[in-house]
Structure formats: structure tokens, C-alpha cells
1. Suppose we filter Tyr172, Tyr206 for residues that are touching a residue at least 60 places away in the same chain (Cβ under 8 Å), of a type in the set (Phe, Trp, Tyr) and out of contact with any Lys or Arg (no Cβ under 6 Å at 6 or more places or on another chain); which single one remains?
2. Got a sec? Which of Thr225, Thr240, Thr282 is touching a strand residue (DSSP E or B) at 6+ places or on another chain (Cβ under 8 Å) and modelled with pLDDT of 95 or more?
3. Just to be sure before I move on: is Ile17 buried (at least 24 other Cβ atoms within 10 Å of the Cβ) and within 16 Å of the ligand (Cβ to nearest atom) in the structure I sent?
4. Anything in region 57-84 that is aromatic (Phe, Trp, Tyr) and surrounded by fewer than 24 Cβ atoms within 10 Å (Cβ to Cβ)? List them, or say none.
5. Only residues that are within 19 Å of Arg23 (Cα to Cα) and assigned to a loop (DSSP other than H, G, I, E, B): list them for region 253-304, please.
6. Could you list, in sequence order, all residues of region 225-252 that are part of a loop (DSSP other than H, G, I, E, B) and under 15 Å from Leu179 (Cβ atoms)?
7. Got a sec? Which of Lys267, Lys215, Lys207 is at negative phi and loosely packed, with under 14 Cβ neighbours inside 10 Å?
8. If I filter region 107-126 for residues that are in contact (Cβ under 8 Å) with a residue 12 or more places away in the chain, crowded, with 22+ Cβ neighbours inside 10 Å, away from the ligand (no atom under 16 Å from the Cβ) and under 30 Å from Thr30 (Cα atoms), do I get at least one hit?
Amino acid sequence: MENKEIISRLYKSMLLIRTIELRIAEIYHTDAIKSPVHLSIGQESIAVGVCDPLEKSDIVSNTYRCHATYLAKGGDINAMMAELYGKKTGCAGGKAGSMHLIDIKNGVLGASAVVGTTIPVATGYALAMQNEAKLTGHQRVVVALCGDGGTEEGCFYESINFAALHKLPILYVCENNRLAIHTPLEKRWATEQLCERMSTYGIETYKIDDADIFKIRDTVSKVVTDIRKGLGPIFIECATYRWFEHVGPVDDHSEDYRNIAKYQEWKRNDQILRLEKMLDLTTRNQIENEVKKILLAAEEFAENSPYPDAEELYTHVYAN
Ligand SMILES: Cc1ncc(C[n+]2csc(CCOP(=O)(O)OP(=O)(O)O)c2C)c(N)n1
């Protein structure tokens, strides 16, 4: 059994992500938020289980469905909310929106709307970290997360091969929610043996099929230690379920491509409720109040921040 401090920390991190995403869904229709939003409600245990064992100087990278990883790695929540509002104080100056969160200071690489493209960038970062360690003596680790759809891109396989060849300090994590927009895995993959496919690159693989927050955290904790020692890349597949529509603020379980029985099953497996039950009422109330305060402050920060100046349209277009 994990100790109370760890349970409280994991609960707070997952609750913060869930609460902010539910709030985003609530205010989305007011047009305060200026960008499309890809919510990861239901998938929180992956981001939190993966980021919890990392050091502050380690790096994570994710796709457009990036709120959870950004927050779990310690990304600035005020800057995230301001980015969604299109404000000058946003983490990308209010010009990029929800799909392109970035917080280099806290180890969050820039996300991208183009499926798969963050994977080679993260792999290149891992190469730089391998070189950096020769000078500093300390090996930072990069974690590249992507969806099951991301693993269908050529650059995913090119990156894994390159990382395996050069024993790069990188962990690849697939958040397998079995959907690429509206197309289920059964219509896209001839076999579901993703880990077996990855192991042909000569790397160690792990599959976690129940989104158990402790299993994810323990596995990542072990493999990151190995990666830091120079053992090369490792791949983890985490099964999960997206509760909301692909993009936007509502749940779309009435749609044909959805499976309501699966949804109910995954809801019963909700890791936030699981941890909630492990905590005493006083601790829970305290955490819930802290989360509410953080969220309220972020919303106020975003609302009260100015929009970017018109001249900003002409900056960051070309590299200097
Ligand atoms: C290169 C590229 N091809 C197609 C798209 C259109 N597209 C946007 S999201 C998406 C599905 C990706 O699914 P997955 O990687 O499993 O991530 P999830 O949305 O489930 O988190 C696709 C095909 C795109 N953005 N980029």
C-alpha cells in the first residue's frame, strides 16, 4: 500500500487536471476560450503516473491533447489558461491555443496539432540530453507521449529505431484510447500486438491494461532509473478511455462509433474516485479546496490579462 503523502499528491494532481478540464468544458460555449480543446478526461492517471517519478529537469512531450501532461509535469497553470483565452500572458503569448502548450522552464516541450510530429523532436531532444550528460555527469530523461494514432506515423518508427540504435535516454508512452478521432482500433490495426512490434527494435516494452495509477507510476519509476543509467529507450503502452468527444466540450456517447458499455466499465475504474476512497475526509476536503483556489486564480488571471498587441501578428513568423 502506498503511503498517504503519495496518494494525496497523485490525487491532487489528477483532481486538478479533471477539475480544470471540466471547467474548460463548462465555459467553452461562452467564447472566452479562443481555441479548439481536446480534453483528456478519463485519461488522467497516465499523465500523472508518468510525470510523478520524473525529476524537475526531465522533459515531457505530448500531442495536442496536452493539458494533462503539461499540468502533471508542473507547467504554469495560469499561463495555460491565459493561452486558451488567447491572452498575451499565455504560455505561447496567446497565439497558439490549447493544442500548442509549452513550458520549457518546467520541462514541457511544445505540443503540436500534427499527429506524430512531436516524437522525432523529443527524440532529438534526448540526443541533446545524452550529449549534455557527458559534460554535466547527470542524465536527464525525455518522455514522449502519443496516442495510438501517433504510432501509425512513419516518424514514430524512425524515431524508435534511431533511439534504440544510439541508446538515447528516452521513454516512449502510448496512451492507447483505441480511437483516432472516430475510427476504432479494430478498423485500423491488423493486430493489436503493439508491444511485440516495438520489441523488434530491440527495446524493452511494458503493457498496462487497466490505467492503474500505481502500476503506471511504479513502472515509470523503474524504467526511468534504467534509462538514466544509459540502458537506452523503453516503450510503455497504457490502455485508457477518452470520456469526451475527440475535440470539444461534450460527451458524445450517443454516437455510433462509441461503446456505452465500455464507457461504463472505464468509469467504474476511475482512478480519481479510487484514490478519493483511500483518503480521509479532512485530507480530501483540504485538497479539493486547494484545487478550487488554484483554478479560480488561473481563471481570474486569464480573464484579467490583456490580448496581444496587433504587432504581435508579425512576430515569431520566421526564425531570427
Ligand atoms: C499528420 C496528421 N494526420 C492527420 C491528422 C488529423 N487528426 C487529428 S487528431 C487525429 C487522431 C489521432 O489519434 P491519436 O493519436 O490516437 O490521439 P488521440 O486523439 O486519441 O489522443 C487525426 C488523424 C493530423 N492532425 N495530423
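1. Being touching a residue at least 60 places away in the same chain (Cβ under 8 Å), of a type in the set (Phe, Trp, Tyr) and out of contact with any Lys or Arg (no Cβ under 6 Å at 6 or more places or on another chain) holds for just one of Tyr172, Tyr206, which is Tyr172.
2. On inspection, the qualifying residue turns out to be Thr240.
3. It is true that Ile17 is buried (at least 24 other Cβ atoms within 10 Å of the Cβ) and within 16 Å of the ligand (Cβ to nearest atom).
4. Within region 57-84, Tyr64 is the sole residue that qualifies.
5. Within region 253-304, Asp270 is the sole residue that qualifies.
6. Here is the first cut: in region 225-252, the ones part of a loop (DSSP other than H, G, I, E, B) are 229-233, 240-252.
Answer for region 225-252, where residues must be part of a loop (DSSP other than H, G, I, E, B) and under 15 Å from Leu179 (Cβ atoms): Thr240, Tyr241, Arg242, Trp243, Phe244, Glu245, His246, Val247, Gly248, Asp251, Asp252.
7. That would be Lys267, the only listed residue that is at negative phi and loosely packed, with under 14 Cβ neighbours inside 10 Å.
8. Yes, region 107-126 has at least one match.
The values are calculated or read from the model by the stated rules, or taken from the named source; none is laboratory data. Bear in mind the structure is a predicted one, so any value in this text is a computation, not a measurement. Backbone-built Cβ (ideal geometry, glycine too); neighbour counts: all protein chains shown.
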